[in-house]
1. Among the residues of the stretch 29-43 satisfying the criterion of being surrounded by fewer than 20 Cβ atoms within 10 Å (Cβ to Cβ) and among the acidic types (Asp, Glu), which is farthest from ARG9 (Cα to Cα)?
2. Those residues that are surrounded by 16 or more Cβ atoms within 10 Å (Cβ to Cβ) and either more than 13 Å from the chain's Cα centre (by Cα) or closer than 19 Å to SER39 by Cβ (or both), I need them from the stretch 138-160; list them, please.
3. Name the helices (runs of 4 or more DSSP H) wholly inside the stretch 1-55 in which the number of residues that are acidic (Asp, Glu) and in contact (Cβ under 8 Å) with a residue 40 or more places away in the chain is 1 or more.
4. Only one of VAL69, VAL75, VAL19 is in contact with a Phe, Trp or Tyr (Cβ under 6 Å, 6 or more places away or on another chain) and aliphatic (A, V, I, L, M); which?
5. Can you find a residue in the stretch 60-78 that is on the phi < 0 side of the Ramachandran plot, hydroxyl-bearing (Ser, Thr, Tyr), within 16 Å of the chain's Cα centre (by Cα) and not in a helix (DSSP H, G or I)?
Amino acid sequence: MRRVHPIERESYRILRALVDLSHLGRLGKAVAERVIHASADPEYANTLILNERTLEAGLEALRRDAPIVTDVHMVAAGITARKAICLVSDPRARDLSEELGITRSAAGFRLAAGEVGSGAVWVVGNAPTALFELLETDNRPALVVGLPVGFVGAAESKDALLGSDLPGVANRGPKGGSAVAAAALNALIYYEEEHAGDR
């Protein structure tokens, strides 16, 4: 059972007074709140693209203990309740990166795609190249959290995800990051525990 510290409780109280998320469904609201809380950036209320059916499918995959794959170790470290697969430091990713002239994060995703197959949950918080790589595979993810940060390729990779037929969570623009991506997934992981009394 996750314990909520009084500071966190107060932070969410302030957040809810500042940001109107009433236009979102129950899971969309949970994801948006956790992302805004992690970033202290209310702009995410307007830039996140959240589809309730997509989030429901992601939650269902997490209930089945679907594998979670991340682009970098910082995202994996932020997913506190589940073990995530991150191959960015795998020697095979280094070799593949050098051989193909791609980033290690992209190489790690290429390797992971061959290992986990379809039905996994993929989380990108740092490397747009990893998100582009995933979009090139034949994998059918249960959910893709695509929230890479940066001025080179981040916005474009998220637009590509949202324009694909993959079930995705993303935002418009260059903002994102490891903490934000982990927060979005944690919102689903902790949802039932934190909202047990809402039914």
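1. Looking at residues that are surrounded by fewer than 20 Cβ atoms within 10 Å (Cβ to Cβ) and among the acidic types (Asp, Glu), I get GLU43.
2. ASN139, VAL145, GLY146, LEU147, PRO148, VAL149, GLY153, ALA154, ALA155, SER157, LYS158, ALA160, listed by residue number.
3. 26-39
4. On the way: VAL75 fails: in contact with a Phe, Trp or Tyr (Cβ under 6 Å, 6 or more places away or on another chain); VAL19 fails: in contact with a Phe, Trp or Tyr (Cβ under 6 Å, 6 or more places away or on another chain).
Exactly one of VAL69, VAL75, VAL19 is in contact with a Phe, Trp or Tyr (Cβ under 6 Å, 6 or more places away or on another chain) and aliphatic (A, V, I, L, M), namely VAL69.
5. To start, the set of residues in the stretch 60-78 that are on the phi < 0 side of the Ramachandran plot comprises 60-64, 66-78.
Now narrow it down to the ones that are hydroxyl-bearing (Ser, Thr, Tyr): 70.
Now restrict to residues that are within 16 Å of the chain's Cα centre (by Cα): 70.
When the remaining residues are screened for being not in a helix (DSSP H, G or I), the result is 70.
Yes, some residue in the stretch 60-78 is on the phi < 0 side of the Ramachandran plot, hydroxyl-bearing (Ser, Thr, Tyr), within 16 Å of the chain's Cα centre (by Cα) and not in a helix (DSSP H, G or I).
To keep it simple, each residue is scored yes or no on (1) surrounded by fewer than 19 Cβ atoms within 10 Å (Cβ to Cβ); (2) out of contact with any Leu (no Cβ under 6 Å at 6 or more places or on another chain).
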{"site": "THR54", "(1), (2)": "no, yes"}
{"site": "ASP65", "(1), (2)": "yes, yes"}
{"site": "VAL75", "(1), (2)": "no, yes"}
{"site": "GLY78", "(1), (2)": "no, yes"}
{"site": "ARG82", "(1), (2)": "yes, yes"}
{"site": "LEU87", "(1), (2)": "no, no"}
{"site": "ASP90", "(1), (2)": "yes, yes"}
{"site": "ALA93", "(1), (2)": "no, no"}
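Where a number appears in this text, it was derived from the coordinates with a stated rule and is not lab data. Just so it is clear, the model here is predicted, and its values are computed rather than measured. Cβ sites come from the backbone with ideal geometry, for glycine too, and all protein chains shown count toward neighbours.
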